[in-house]
Structures are given as structure tokens and as C-alpha cells.
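Take a look at the structure below.
The values are calculated or read from the model by the stated rules, or taken from the named source; none is laboratory data. All figures in this text were calculated on a predicted structure; none of them were measured in a lab. We place every Cβ from the backbone using ideal geometry, glycine too, and count neighbours over all the protein chains shown. Surface accessibility is based on the protein's heavy atoms, side chains included, excluding ligands, DNA and RNA. Shrake-Rupley method; radii C 1.70, N 1.55, O 1.52, S 1.80 Å.
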Amino acid sequence: MGLRINDEIPDLEVETDQGRIKLHEFVGDKWTILFSHPKDFTPVCTTEFGAVARLSEEWKKRDTKVIGVSVDGVEDHKRWKQDIEKAGGAAPDFPIIGDEGLEVSKAFDMLPAEAHLPEGRTPADSATVRAVFIIGPDKQLKLSMTYPMTVGRNFGEVLRALDALQLSVGKGVATPADWQVGQDVVIPATLSDEEAKTKFGDFETVLPYLRMTKAPQ
């Protein structure tokens, strides 16, 4: 069984290009983005790492840590980071896990338990290792997204999802389709109108089960 929403992530001890860490200790009391890649020195992944590096200040604003994982070794990661900075215009300051033994890839259900990497492998051998995991300060999985190798991830959407998660967890609301920061939010259906009025003040009843209010500060 793979990881599901609200499952606690495994507390693996892993090697990164910035030293050895334990995942729970790394997360600490922060929100954390773990994003994974099937191989170093590949074109789409290089652009993605560059995008994440350029968003360094945005992660900090949200008190969020970032960590990558690839099924190559940490020495490859160190060399790859030079290419990432050259292509992306920003130095990646976050660690990358070396997952040559596939421990992380299998624990996060990105590869089947019996998977192995053949000699002379290509990215196709680990193509399923293309995911984003948003982890809460409680060490639980809050959201996951999986992409094919040919489609670069939109980290603007990852930021938007992170904003929505932080708001919903912190303020007890939900966010509608295409929600952006500053827009109205959804009042949980579990609250009566009286409770909603007490908690949120004025709100709009679109349908009996769909009530909108301004996002709490």
C-alpha cells in the first residue's frame, strides 16, 4: 500500500549532497516539499530544479523547506547542480537525496517493491519517480502529484497548493477551484449557518451546501 493523504511519511535516514539526514528531523516543525526525479543530467528535470531554485525566497516566505530526490548518487548531484545553476540562473540551495538503492522511491510508492535499476539504465527505467509531495509539520503527507517525464511541473501550482493547504489547515476553511491568495474561500459544510456567522462573519450562500466568505487573516 502506498502513502495516502494524512499518512505519516517514513522516517528514513538518507544521504544527500549536503550530508546525512533523517527525514522527520529534516521536516522538523516546517512545511516541506519533496520532489523527485528519475535521473540526473536530464533536460526536463534540469529546468525543474532551476525553477525551484529561483523560488527560494517564496519557499522562505511560507516557512517551507525543499528537498529533492534522484536515483543517482550524491557526487552526481553535486556536479548536476552546476548545470542547474547555469541553465536556471539560480543556485539550488536545497539538498538532493541520493537514492541509488531506491529506498526512498519505494517507501514513497514511486516504484514497485521488486524494482531494480539495470546496468546502463536510462530514465525510462525509473520513469515513475516523477512526483511532488507536500508534507505538513506533523510529518503527514498532505498532497501528492505525479507527472510523466515529458511534462515539466508547474511550480507556480505547487506554490498555490501550498498556500491553500496552509490556509485550510490553519484557518479551518476550504478553497474552491482555481483559488488564488486573497480570493474568497469555502466554509466547511459541517458548520451550521449560525456557527459560520460566529466564526467568519458575513458570508454568501451560493447553494445550501456552498457558502463563500472572505479568507481569514
Filtered residue count, the range 171-210, keeping only those that are part of a loop (DSSP other than H, G, I, E, B) and not charged (D, E, K, R)
20
Residue, nearest to T146 (Cα to Cα), within the range 24-42, restricted to residues that are open to solvent by 10 Å² or more (accessible area, probe 1.4 Å) and at pLDDT 95 or above
W31
Note on the range 156-203: residues in contact with an Asp or Glu (Cβ under 8 Å, 6 or more places away or on another chain) and buried (at least 18 other Cβ atoms within 10 Å of the Cβ) are L159
Hey, which of the helices (runs of 4 or more DSSP H) in the range 54-129, taking only ones fully inside, have at least 1 residues that are among the small types (G, A, S), open to solvent by less than 40 Å² (accessible area, probe 1.4 Å) and at pLDDT below 95?
103-107
Report, by residue number, each residue of the range 144-153 that is within 13 Å of the chain's Cα centre (by Cα), open to solvent by 40 Å² or more (accessible area, probe 1.4 Å) and over 16 Å from A107 (Cα atoms).
Y147
Checked pairs for the range 198-216, first over 23 Å from Q166 (Cβ atoms), second of a type in the set (V, I, T) and open to solvent by less than 100 Å² (accessible area, probe 1.4 Å), C-beta under 9 Å and 6 or more apart or across chains, list as D202/T213; E204/T213
